[in-house]
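The values are calculated or read from the model by the stated rules, or taken from the named source; none is laboratory data. Quick caveat: nothing in here was measured; it's all calculated off a predicted structure. Please note: Cβ atoms are built from the backbone with ideal geometry, for glycine as well, and neighbour counts cover all protein chains shown.
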Amino acid sequence: MYELHVETEFAAAHFLRGYAGRCERLHGHNWRVQAALQARKLDKLGMAIDFKEATALLMKVIDAFDHRNLNDLPAFKKDNPTTENVSRVIYNELSKRLPPGVTVKSVTTWESERCGATYLPAIRLAGSKGD
């Protein structure tokens, strides 16, 4: 199994509905996003996916977030645009765009240099329903 990492950033505002504190007010971040991708096989050049292609796909996903109020986006009409939920939405959208054989392992989103959250899908345990 191979694991690759691509990273990009975007600027956006948000506020947390129902939160008692400063984050209930509109405020902005310079968000940093790192996607960990996995592949079992390499192509004839020895790559799972070209870093340029992977980065371009990630940038297409976050383009919908860049310089926007995240609360106005359809993905956050119901769910708060917390860093956790931002990571999940990016994970799901990036998963739809990757070529066959390449999957998203995780997405980590940083809202500041010291605060970030990672989304990984639930891991199925051997013998669990669906195996």
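So here's what we get for this one:
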| quantity | calculated |
| --- | --- |
| All positions within the stretch 22-74 that are more than 13 Å from LEU98 (Cβ to Cβ), in contact with a helix residue (DSSP H, G or I) (Cβ under 9 Å, 6 or more places away or on another chain) and of a type in the set (Gly, Ala, Ser) | ALA64 |
| Neighbours by Cβ (under 8 Å, 6+ apart or cross-chain): first from the stretch 84-107, without any contact (Cβ under 8 Å) to a residue 40 or more places away in the chain; second surrounded by fewer than 19 Cβ atoms within 10 Å (Cβ to Cβ) and part of a helix (DSSP H, G or I) | ASN85/ALA75; VAL89/ALA75 |
| Pair list, Cβ under 7 Å, 6 or more apart: the stretch 9-28 residue closer than 16 Å to GLU84 by Cα, other residue basic (Lys, Arg) and loosely packed, with under 10 Cβ neighbours inside 10 Å | PHE15/ARG25 |
| Some residue of the stretch 10-30 being surrounded by fewer than 12 Cβ atoms within 10 Å (Cβ to Cβ) and part of a helix (DSSP H, G or I) | yes |
| Of all residues making up the stretch 64-108, the number that are hydroxyl-bearing (Ser, Thr, Tyr) and within 16 Å of LEU4 (Cα to Cα) | 5 |
| Any hit, the stretch 44-52, residues being in contact with a Lys or Arg (Cβ under 7 Å, 6 or more places away or on another chain) and within 16 Å of HIS5 (Cβ to Cβ) | no |
| Criterion: of a type in the set (A, V, I, L, M), surrounded by fewer than 20 Cβ atoms within 10 Å (Cβ to Cβ) and farther than 30 Å from ARG25 by Cβ - qualifying residue of LEU57, LEU73, LEU42 | LEU42 |
| Condition met for GLU93 (crowded, with 17+ Cβ neighbours inside 10 Å and out of contact with any strand residue (DSSP E or B) (no Cβ under 8 Å at 6 or more places or on another chain)) | yes |
| Unmet criterion (only one of (1) exposed (fewer than 12 other Cβ atoms within 10 Å of the Cβ); (2) in a loop (DSSP other than H, G, I, E, B)) for MET47 | (1) |
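Okay, residues lined up against (1) surrounded by 17 or more Cβ atoms within 10 Å (Cβ to Cβ); (2) at pLDDT below 95; (3) closer than 14 Å to THR8 by Cβ; (4) touching a Leu at 6+ places or on another chain (Cβ under 9 Å):
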{"position": "THR82", "(1), (2), (3), (4)": "yes, no, no, yes"}
{"position": "ARG88", "(1), (2), (3), (4)": "yes, no, no, no"}
{"position": "VAL107", "(1), (2), (3), (4)": "yes, no, yes, yes"}
{"position": "TYR119", "(1), (2), (3), (4)": "yes, no, no, no"}
